[in-house]
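Presented below is the structure to which this report refers.
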């Protein structure tokens, strides 16, 4: 499930929550806080990575080699498909097409 929320920070554009599963199968939400110049990646109260928004947008448009920073990795999982990994929390998780489309349109 994907949720879109407005953030309270005046510099932010929007928030995006992506529901994933951890190694035990429990629900985990990867929250993307989308700002004009960067994207923060949060799980709970922890920020796992901050990506340059333009770099992430370009990578999502044409996924290639792994895009990784700090605790988050984005990887091509097939032709046009993308998977995300949150170090120590979520193993490689392929994103559904509609989730990826929503992510691309927001970033």
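The values are calculated or read from the model by the stated rules, or taken from the named source; none is laboratory data. Everything quoted here is computed from the prediction, not taken from an experiment. Note that each Cβ is placed from the backbone with ideal geometry, even for glycine, and that neighbours are counted across all protein chains shown.
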Somewhere in segment 47-60, is a residue in a loop (DSSP other than H, G, I, E, B) and either closer than 16 Å to residue 102 by Cβ or in contact with a strand residue (DSSP E or B) (Cβ under 9 Å, 6 or more places away or on another chain) (or both)?
no
What's the number of the condition residue 84 fails, among (1) free of Cβ contacts under 8 Å to residues at least 12 places away in the same chain; (2) within 15 Å of residue 17 (Cα to Cα)?
(1)
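Condition first: loosely packed, with under 15 Cβ neighbours inside 10 Å and in contact with a strand residue (DSSP E or B) (Cβ under 7 Å, 6 or more places away or on another chain). Now tell me which residues in segment 18-28 satisfy that.
Once the filter is applied, which keeps residues that are loosely packed, with under 15 Cβ neighbours inside 10 Å and in contact with a strand residue (DSSP E or B) (Cβ under 7 Å, 6 or more places away or on another chain), segment 18-28 yields 19, 21, 23, 27.
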Would you please name the residue that is surrounded by the fewest Cβ atoms within 10 Å (Cβ to Cβ), looking only at residues in segment 48-58 that are free of Cβ contacts under 8 Å to residues at least 24 places away in the same chain and under 12 Å from the mean Cα position of the chain (by Cα)?
50
Taking the residues in segment 1-17 that are surrounded by 12 or more Cβ atoms within 10 Å (Cβ to Cβ) and within 20 Å of residue 91 (Cα to Cα) as candidates, determine which candidate is modelled with the lowest pLDDT.
2
Complete set of residues in segment 22-49 that are in contact with a helix residue (DSSP H, G or I) (Cβ under 8 Å, 6 or more places away or on another chain) and modelled with pLDDT under 95
36
